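Student: Before I ask anything, let me first share the structure, which is written out below as structure tokens.
The values are calculated or read from the model by the stated rules, or taken from the named source; none is laboratory data. Quantities reported herein were computed from a predicted structural model and do not represent experimental measurements. For neighbour counting, all protein chains shown are included, and Cβ atoms are generated from backbone atoms with ideal geometry for every residue, glycine included. We work out accessible area using only protein heavy atoms, side chains counted, and drop any ligands, DNA or RNA first. Shrake-Rupley method; radii C 1.70, N 1.55, O 1.52, S 1.80 Å.
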Amino acid sequence: EICFSRKKETHFFHDDNNFAKGLDYYKRFFADCPAGKIKGEFTPGYFANYDTAKRIFEYFGEDVKIIFSLRNPIERAYSEYFYNKCREIDSGLTFEEALEGPLSERYFKRGNYFSNITPYLRRFPKENILIVIYEDIKKDPVKFMEKIYRFLDVDTSYAAESARKHINTSPVQEKILYVPLYNKFIAFLKRRHQNPIVLFLRKLLKPLGVTKLIHYLFDINYKHTGNTFEKKPPMKPETREKIGRASCRERV
């Protein structure tokens, strides 16, 4: 009853370059979805972008269902830090240094839940917005999904196999594909995406399917850098308190 976009994160409504391509470009992500199925996508970047709610409303009106999956804002910031390290961003900084670095606003802003949800509440009916808590997934994944199914008005009896078993996120075959510094090199190229040489290489390699392989290896590398080969140390109490204070101030 549900069909997702070809690409998990379309980055359409919050990316000015993608949004400028128009609705037909966005619809291509759902070209494989049969008629009558609910179409959806995941793009976390929409959450902290104040233009997104307005753009979604302008294209689809209020007849859209939006799901926010929120987690403890302190843990959210810490998780993003390790995610960025996987992508070779803030990789040379401690968490405390990152909170004071170039991405400091982002670490705090994405945890400002009230400010980020307000633009949606102003445009969409409350019954079309569902807020779920990330930590509840571990407690009871089946019940968690049932809540979403009821919100989407689909069959609540369906339970995906992945909700009933632990998924091994580090298979041996993927470990073999881990290449140190690979993502640092890709991040370097991304920062120079308008460079004539980079543009030429992308145009040359895309028809050969090489770009898909590059993205696949990138995903494997960032997953293993952050989740498999680097164990998260406990957060310092003073750092936890700092983020907590910022979150409380935002709510007030």
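Student: With the condition kept exactly as written, say whether any residue in region 85-93 is basic (Lys, Arg), more than 27 Å from PHE144 (Cα to Cα) and assigned to a loop (DSSP other than H, G, I, E, B).
Tutor: yes
Student: Looking for something assigned to a helix (DSSP H, G or I), within 16 Å of the chain's Cα centre (by Cα), surrounded by 14 or more Cβ atoms within 10 Å (Cβ to Cβ) and modelled with pLDDT under 95 - is there at least one such residue anywhere in region 59-71?
Tutor: No, every residue in region 59-71 fails to be assigned to a helix (DSSP H, G or I), within 16 Å of the chain's Cα centre (by Cα), surrounded by 14 or more Cβ atoms within 10 Å (Cβ to Cβ) and modelled with pLDDT under 95.
Student: Among the residues of region 1-42, which ones are among the small types (Gly, Ala, Ser) and surrounded by 11 or more Cβ atoms within 10 Å (Cβ to Cβ)?
Tutor: Residues satisfying the conditions are SER5, GLY22, GLY40.
Student: Among the numbered criteria (1) modelled with pLDDT under 95; (2) open to solvent by less than 20 Å² (accessible area, probe 1.4 Å); (3) in contact with a helix residue (DSSP H, G or I) (Cβ under 6 Å, 6 or more places away or on another chain), which one does TYR120 miss?
Tutor: All conditions are met except number (1).
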